[in-house]
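Heads up, the thing below is written out as structure tokens.
The values are calculated or read from the model by the stated rules, or taken from the named source; none is laboratory data. Quick caveat: nothing in here was measured; it's all calculated off a predicted structure. As a convention, Cβ positions derive from the backbone with ideal geometry for all residues, glycine included, and neighbour counts pool all protein chains shown.
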Amino acid sequence: MVTAQAALAAAATLVAVAFTFCTLDRWLSRRRRHDLAWTVALGMFAIASAALWLGSSVGFTGPTFRVFFLFGAILNVPYLALGTVYLFAGQRTGDRVALGLTCAAFFAAGVMVVAPLKAPISGTDLPTGSEVFGPLPRILAAVGSAGGALVVFGGALLSLWRVMGGRERTRGRGLAAHPKRLAIGNALIAAGTLILGASGLLNGRLGASKAFAVTLTIGVTVLFAGFLVATSSPRRPDSATGTGAVGSSSSAERLAEDLPSPALG
């Protein structure tokens with residue numbers, strides 16, 4: 001029997017998988033590090049929602065909930081924030097942050113493998129972390145979510161400051177052609193992050209599984225829209241006609257895309 005929460009979890013999984021492949025395609029075609037970071041983040045959302053789908057359909061087990069908690073509560077927002085770091089701080093700083101984040105991710109994965117369960121897990125209702133785990137996994141989830149969200153919101157505020165300051169387009173791989181597009185895109189990313197963290201507000205009305213699936217579907221959709229707006233350059237009309245003009249424009253666009261990213265600030 002297909003339940004409403006299982007159907008919602010399935011829909012959330014399909015949406016997350018579709019957007020993961022879209023950002024993966026953008027990374028494969030442009031090789032920009034923020035696209036890769038966002039692809040990893042969306043992939044983690046997809047894994048978490050797939051674990052939710054499985055648990056809502058046949059019942060949660062210890063491994064199912066560990067996977068859900070690792071990818072849905074600890075790691076996804078930090079990797080989402082890594083895309084913001086690459087977008088603003090450049091590849092050198094982004095690579096350093098990525099190395100530290102990868103080490104932290106392996107540590108968190110090890111913790112989730114060996115963390116003892118406070119109570120047995122059964123049934124199709126999504127348990128909470130406090131019901132299942134001791135302090136360390138919940139501390140990792142709190143630090144990862146809060147720290148990642150601060151970086152994302154910081155990127156949105158930086159974009160707004162650039163718009164209000166009237167700054168021209170900043171050189172860099174993947175930055176929008178106009179600061180307003182970058183500001184709007186990062187505002188959408190911040191809004192998507194808020195929506196993803198709002199599942200607790202809906203728990204009383206929908207239940208934990210339904211609330212997470214609904215906020216995941218809406219939040220990932222808003223995030224993906226933000227990714228597109230923040231990193232897509234508007235078309236520029238050619239000043240001349242003919243094959244030579246088109247070739248010159250394409251060469252200029254490719255040259256602009258290969259410029260190194262600036263340091264933050």
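Given the condition surrounded by fewer than 16 Cβ atoms within 10 Å (Cβ to Cβ), assigned to a helix (DSSP H, G or I) and either at pLDDT below 90 or over 15 Å from the mean Cα position of the chain (by Cα) (or both), answer yes or no: does some residue in the range 111-124 qualify?
Taking every residue of the range 111-124 in turn, at least one turns out to be surrounded by fewer than 16 Cβ atoms within 10 Å (Cβ to Cβ), assigned to a helix (DSSP H, G or I) and either at pLDDT below 90 or over 15 Å from the mean Cα position of the chain (by Cα) (or both).
Can you find a residue in the range 156-170 that is under 30 Å from Gly59 (Cβ atoms), modelled with pLDDT under 90 and either touching a helix residue (DSSP H, G or I) at 6+ places or on another chain (Cβ under 9 Å) or assigned to a helix (DSSP H, G or I) (or both)? Spell out how you get there, then give the answer.
Taking the range 156-170 and keeping what is under 30 Å from Gly59 (Cβ atoms), we get none.
Among the residues of the range 156-170, not one is under 30 Å from Gly59 (Cβ atoms), modelled with pLDDT under 90 and either touching a helix residue (DSSP H, G or I) at 6+ places or on another chain (Cβ under 9 Å) or assigned to a helix (DSSP H, G or I) (or both), which makes the answer no.
Quick one: which residue in Phe60, Phe45 is surrounded by 19 or more Cβ atoms within 10 Å (Cβ to Cβ), touching a residue at least 60 places away in the same chain (Cβ under 8 Å), in contact with a Phe, Trp or Tyr (Cβ under 9 Å, 6 or more places away or on another chain) and not in a helix (DSSP H, G or I)? Step through it out loud before you land on a result.
On the way: Phe45 fails: not in a helix (DSSP H, G or I).
On inspection, the qualifying residue turns out to be Phe60.
Pull out all pairs, ordered by first then second residue, where Cβ-Cβ is under 8 Å, the residues are six or more apart or on different chains, the first lies in the range 4-16 and is more than 17 Å from Leu126 (Cα to Cα) and part of a helix (DSSP H, G or I), and the second is of a type in the set (Phe, Trp, Tyr) and modelled with pLDDT of 85 or more.
Ala16/Phe45
Identify, please: which residue in the range 19-33 is of a type in the set (S, T, N, Q) and closer than 22 Å to Leu216 by Cβ and is, among those, surrounded by the fewest Cβ atoms within 10 Å (Cβ to Cβ)? Steps first, please.
Filtering the range 19-33 for residues of a type in the set (S, T, N, Q) gives 20, 23, 29.
Remaining after also requiring closer than 22 Å to Leu216 by Cβ: 20, 23.
Numbers: Thr20: 22, Thr23: 25.
Looking at the filtered set, the residue picked out is Thr20.
Looking only at the range 134-157, count every residue that is under 17 Å from Phe65 (Cα atoms) and crowded, with 18+ Cβ neighbours inside 10 Å and tell me the total.
Count: 4.
Considering only the range 63-78, state which residues are assigned to a helix (DSSP H, G or I) and either over 19 Å from Leu8 (Cα atoms) or touching a Leu at 6+ places or on another chain (Cβ under 7 Å) (or both).
Initial filter on the range 63-78 (assigned to a helix (DSSP H, G or I)): 63-74, 76-78.
Listed by number, the residues that qualify are Pro63, Thr64, Arg66, Phe68, Leu70, Ile74, Asn76, Val77, Pro78.
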